[in-house]
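What follows is a short report on a single structure.
The values are calculated or read from the model by the stated rules, or taken from the named source; none is laboratory data. Quick caveat: nothing in here was measured; it's all calculated off a predicted structure. Heads up, the Cβs are rebuilt from the backbone with ideal geometry, glycines too, and the neighbour counts pull from every protein chain shown. The accessibility values were calculated without ligands, DNA or RNA, using every heavy atom of the protein model including side chains. Shrake-Rupley method; radii C 1.70, N 1.55, O 1.52, S 1.80 Å.
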Amino acid sequence: MENFVMYNPVKLHFGKGVAENAGKSALKYGSKALLVYGKGSVKHSGAYDDTVKSLKEAGVKVVEYSGIKSNPVIEDADKAAELGRKENVDMIVAVGGGSVIDCAKVISVAIPYEKPAWNLVSGAEKPQSAIPLLSVLTLAATGTEMNANAVIQSDKLLKKVGFKNNLMFPKHSFLDPSYTTTVPADYTAYGVVDLVAHALEAFFGKGDSTLTDKFIFSIIKEAFEYGPELMEDLENYKLREKVMFAATCALNGMTVWGKQGQDWGVHAIGHVLSVIYDIPHGASLSVVYPAWLKLFKDRIPERVGELGLGLFDDSNASNLINNLENYFSKIRAAVRLSQLKIDITDKKEKDRIIEVMTDNKVSGFNYEMTREDYSVLLDLMA
Ligand code: NZQ
Ligand code: ZN
């Protein structure tokens, strides 16, 4: 095993009705909140009404910033931070999926920073402080509700960047699976893909921790068992509950205990596809993972074999890849770029993607990828 530190300060509230406590929890941080949300789903899921009611009942005033887009952009973080400073808010309450919560994390460090947030995201400068953040999650996928990561993009620079700082751990996160019953089939599937991908990125991280590998297999098997059932019964609370819990566990630290973090190579490629084509995060991952495994199965045969054994009781790499592709297809997630309407038989298009991959320095932390690998991978994804 690698040496490691377990640290997760998020107070997680899980279950039906938990957002009713948002106001009481918020009061500890002050009396004025910047409420951040997306394009309006929160008003159909019930999350907005419940959260605002709870904040108001506790006497917390609310200023709103809405319209955060899926695959959030840095301009929103800067504008919302400006509003937060002008209104002198004491805290941020984010209501939504990963995009809203990630953007809110960036806002939380951008408010006291008072300069363009991209300086922090790009690593040019380090945040020194943050406004407290509370989150009310409406989509099971990213695990952002219980981690210190934010992913945000600059369309101008064609860069989508993952950024981590302990200041960005939410103070409280409220997870009521009933809000997720309104998530449509496509984003439900992408969420399930994302949680599987997070567990796989951890499996391919550096370090040998057999107990942690077993946590990883359990999380993925939960998605194998209940993901397809959920796709046939989207309003089923019990299934939503299982998937929501699995998604949180897939990226809250427990999958890297005894390891040196995740590999993140597949995510790095997915981010490039999202920044160029604005495709949903999970949709990129179900295409990239099988291709990545096809490339790496001969480079790291033992590790790929262990994954096959752990998930399907079969160490054969080709069977593992087939099983994974069949699973993604079963939950109606794309497994080829052509299904996402990305045509890399057009050489100009392929070269463009390779350029952006190069510019984004796409690689894994554990398993490196070269420019030649990009080309092979894209052909495997076609
Ligand atoms: O904008 P609204 O109207 O809220 O609609 C959203 C959006 O269109 C909708 N939605 C959310 N909750 C809903 C709902 N629709 C109906 N009912 C509900 N209850 O779903 C759409 C997608 O939402 P989004 O937040 O973009 O999805 P997700 O949670 O998958 O987040 C994706 C973002 O998170 C990043 C991704 O890169 C991407 O930018 N990630 C963040 C990570 C982290 N912070 O740890 C790790 C991940 O690997 C990932 O990179
Ligand atoms: Zn992800």
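Of the residues that make up the stretch 243-259, is at least one open to solvent by 30 Å² or more (accessible area, probe 1.4 Å), away from ligand 2 (no atom under 16 Å from the Cβ) and in a helix (DSSP H, G or I)? Yes, that holds for at least one residue. Residue pairs whose Cβ atoms lie under 9 Å apart, separated by 6 or more positions or on different chains, with the first residue in the stretch 70-96 and under 20 Å from Lys39 (Cβ atoms) and the second among the polar types (S, T, N, Q) and open to solvent by 50 Å² or more (accessible area, probe 1.4 Å), are Gly96/Ser41. For Glu114, the conditions (1) at negative phi; (2) surrounded by fewer than 23 Cβ atoms within 10 Å (Cβ to Cβ); (3) without any contact (Cβ under 8 Å) to a residue 40 or more places away in the chain; (4) away from ligand 1 (no atom under 16 Å from the Cβ) all hold with the exception of (1). None of Leu309, Leu293 is of a type in the set (A, V, I, L, M) and either within 14 Å of ligand 1 (Cβ to nearest atom) or open to solvent by less than 10 Å² (accessible area, probe 1.4 Å) (or both) except Leu293.
Within the stretch 163-200, being among the small types (Gly, Ala, Ser), more than 9 Å from ligand 1 (Cβ to nearest atom) and touching a Gly at 6+ places or on another chain (Cβ under 9 Å) holds for Ser178, Ala189. Of the residues Arg299, Arg332, the single one that is basic (Lys, Arg), surrounded by fewer than 22 Cβ atoms within 10 Å (Cβ to Cβ) and at positive phi is Arg332.
Of all residues in the stretch 359-374, those satisfying the criterion of being under 21 Å from the mean Cα position of the chain (by Cα), of a type outside the set (D, E, K, R) and open to solvent by 40 Å² or more (accessible area, probe 1.4 Å) are Phe365, Asn366, Tyr367. Number of residues in the stretch 244-265 that are within 12 Å of ligand 1 (Cβ to nearest atom) and over 15 Å from the mean Cα position of the chain (by Cα) equals 0. Answer with yes or no whether Ile269 is more than 15 Å from ligand 1 (Cβ to nearest atom), within 18 Å of the chain's Cα centre (by Cα), among the β-branched types (Val, Ile, Thr) and within 21 Å of Leu293 (Cα to Cα). Judged against the criteria, Ile269 is not a match.
The number of residues in the stretch 49-63 that are in contact with a strand residue (DSSP E or B) (Cβ under 6 Å, 6 or more places away or on another chain) and open to solvent by 30 Å² or more (accessible area, probe 1.4 Å) comes to 2. Leu234 meets each of the listed conditions (1) under 26 Å from Arg336 (Cβ atoms); (2) assigned to a helix (DSSP H, G or I) apart from (2). Pairs are defined by a Cβ separation below 6 Å, a sequence spacing of at least 6 or placement on different chains, a first member in the stretch 275-287 that is more than 16 Å from Gly162 (Cβ to Cβ), and a second member that is within 11 Å of ligand 2 (Cβ to nearest atom) and part of a helix (DSSP H, G or I); the pairs so defined are Pro280/Tyr190; Ala283/Tyr190; Ser286/Val193. Before we move on, is Ser154 open to solvent by 30 Å² or more (accessible area, probe 1.4 Å), of a type in the set (Ser, Thr, Tyr) and at negative phi? So Ser154 fails the test.
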